[in-house]
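Peer 1: Before we start, here is the structure in question, set down as structure tokens.
Every number here is computed from the coordinates shown, using simple stated rules; none is lab data. If you're wondering where the values come from, they're calculated on a predicted model, not measured in any experiment. Positions of Cβ are backbone-derived with ideal geometry, glycine not excepted, and every protein chain shown enters the neighbour counts.
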Ligand code: ADP
């Protein structure tokens, strides 16, 4: 059984993430999308909100589940008895950091392999931070995120304005 972990902040999930998840779900028996608690990134959405959005948009995928974890990705991966960490690569800018992380993880947990999947050209510019910026400025996200994520973003920025 090939179990793969796809870790990230998913703040929020975008069409770029979904494309990686869908393609990975065809390659591995099961994919766990694992939302990281301590990304050090001061997230817009709470952990529960991020997990809920992921669960909703992935509900049709029978071999994909959503979880969260705290601490080292390799420790979580080993705990789950998984052998694979999936990471998405967009432009060259992702490479340096991902390369460092993959080599560090290999040293920490030699039994775990990091598998990189190239973003599709149409999503190669897309990031959660861009999506948040566009939403905050009132732009349309129809091409970037699923409808329910667009709605959640609109609600979130409205509620923050009211505070
Ligand atoms: P992290 O904070 O761990 O980078 P993200 O949620 O930003 O978490 O990203 C999770 C993973 O998804 C990373 O491997 C990232 O490179 C990848 N990713 C993010 N956006 C895209 C995209 N548009 N296309 C392909 N991969 C992506």
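Peer 1: Find the relative contact order for the stretch 21-163 and round it to a whole percent, using C-alpha pairs within less than 8 Å whose residues are 6+ positions apart.
Peer 2: Relative contact order of the stretch 21-163: 18 percent.
Peer 1: Continuing with the same structure: Let me check I have the definition right: for the stretch 1-61, take the eigenvalues of the Cα gyration tensor, multiply each by 5, take square roots. What are those semi-axes in whole Å, largest first?
Peer 2: Taking √(5λ) for each eigenvalue gives 21, 12, 10 Å, largest first.
Peer 1: Could you work out which residue, out of 110, 43, 146, moves most in a Gaussian network model of the chain, that is, has the largest mean-square fluctuation with Cα springs under 10 Å?
Peer 2: Fluctuation is largest for 110.
Peer 1: Continuing with this model, one more query. For the stretch 102-160, what Kirkwood radius comes out of the mean inverse Cα-Cα distance, in Å?
Peer 2: Evaluated on the stretch 102-160, it is 14.0 Å.
Peer 1: Find the Rg to Rh ratio for the stretch 58-126, where Rh is the Kirkwood radius over alpha-carbon pairs and Rg uses the same atoms.
Peer 2: Result: Rg/Rh = 1.00.
Peer 1: Any chance you could check the Cα centroid distance between the stretch 104-125 and the stretch 4-56 for me, in angstrom?
Peer 2: 14 Å
Peer 1: Using a Gaussian network model on the chain with a 10 Å cutoff between Cα atoms, which of 87, 50, 152 fluctuates the most?
Peer 2: 152
Peer 1: Percent of alpha carbon pairs in the chain separated by more than 26 Å?
Peer 2: 25 percent
Peer 1: What's the exposure ranking of 74, 145, going from fewest to most Cβ atoms within 10 Å?
Peer 2: Fewest-to-most ranking of 74, 145: 74, 145.
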